[in-house]
1. Roughly how big is the chain's charge dipole about its Cα centre, with Cβ charges of +1 (Lys, Arg) and -1 (Asp, Glu), in debye to the nearest 20?
2. Just to check I understand the Karplus step: with θ = phi - 60° and J = 6.51 cos²θ - 1.76 cosθ + 1.60, what whole-Hz values come out for region 149-161, glycine and proline as x?
3. Would you pull out the residues with amide H under 5 Å of Ser151's amide H, same chain only if 5 or more places away, H placed 1.01 Å from N?
4. Rg to Rh for region 165-209: what is it, with Cα atoms only and Rh by Kirkwood?
5. Can you work out the Karplus-derived ³J(HN,Hα) for every residue in region 5-17? Use 6.51 cos²θ - 1.76 cosθ + 1.60 with θ = phi - 60°, whole Hz, and x for glycine or proline.
6. Please work out how much length the chain gains when fully extended from Ala137 to Ser96, using 0.36 nm per residue of separation minus the C-alpha to C-alpha distance, in nm with one decimal.
7. Take the Cα atoms of region 86-199, find their three principal axes, and give me the spread along each one in whole Å, biggest first.
8. Which FRET efficiency value, to the nearest 0.05, is calculated for Asn110 and Gln214 with the Förster distance at 25 angstrom and r the Cβ-Cβ distance?
Amino acid sequence: MKLYTYFRSSAAFRVRIGLSLKHVAYDAVPLHLTRDGGEHLREPYRRANPQGLVPALEDDGTVIGQSLAILEYLDERYPQPPFLPRTPLERARVRSMALSIACDIHPLNNLRVLNYLKSRVGCDEEAVKQWYRHWIAEGFRGLEMLVRDSSADGKHCLGNSITLADICLVPQMYNARRFNCDLSAFPTLVKVDEHLAGLPAFAGAKPEAQPDAQ
Ligand SMILES: N[C@@H](CCC(=O)N[C@@H](CS)C(=O)NCC(=O)O)C(=O)O
């Protein structure tokens with residue numbers, strides 16, 4: 001398998017965690033998102049993944065984009081350890097938490113959005129940082145309550161094992177810290193992250209542990 005990745009991409013961070021949890025070996029193909037206007041926006045990558053976003057996973061000659069689609073694919077191909085709980089209701093709760101990050105927080109703070117705010121809307125650096133922190137706080141407010149209700153041990157988003165929600169939470173917490181977000185209102189998320197971020201699959205997937213880290 002080949003993973004098109006960028007050390008700082010939190011969506012790629014999710015997939016790196018997933019591959020590691022499943023013990024799947026892969027070749028990392030780094031794409032630099034800011035150098036020369038972005039390697040992800042040019043050929044040959046653009047042809048392989050027309051969405052022009054990172055990550056993408058290539059398996060058996062087929063390229064799959066979207067981190068959550070990739071994670072569900074890995075989960076179907078390598079069922080152990082499972083990324084989703086057993087009951088339909090629990091699976092829905094996990095997906096709801098994962099999607100609150102992947103659909104409601106992350107896209108608003110993506111590089112292309114931040115670049116647009118700067119170059120087209122005329123926001124200065126401070127306004128862009130405020131935007132970033134605002135959407136994280138907005139998303140974490142609801143997530144904090146969901147995780148408080150569904151974590152069994154204070155170490156996982158739901159129950160007492162790692163799920164798709166945890167795989168999405170840790171990279172988003174990493175980004176929140178990188179942008180100095182105030183996390184004091186989210187003690188449950190901080191505690192879950194503290195536990196997970198130290199586990200080998202999560203620690204080995206973080207940006208500074210990647211070969212392309214700067
Ligand atoms: N929903 C996509 C998001 C992918 C995404 O936005 N990736 C970012 C890096 S985290 C990216 O490629 N950004 C490039 C850009 O904004 O130009 C996923 O989950 O894979």
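Throughout, read-outs are computed from the coordinates displayed, never taken from laboratory work. Given the structure is predicted, the values throughout are model-derived calculations rather than measurements. Heads up, the Cβs are rebuilt from the backbone with ideal geometry, glycines too, and the neighbour counts pull from every protein chain shown.
1. The calculation lands at about 160 debye.
2. Karplus values, whole Hz, x for Gly and Pro: 7, 10, 6, 8, 10, x, 10, 9, 5, 9, x, 9, 9.
3. Gly159
4. 0.94
5. Computed from phi, the couplings for region 5-17 are 9, 9, 3, 8, 5, 6, 5, 5, 4, 4, 5, 4, 4 Hz.
6. The span from Ala137 to Ser96 would gain 13.0 nm if fully extended.
7. 47, 27, 23 Å, listed from the longest principal axis down.
8. That gives a FRET efficiency of 0.85.
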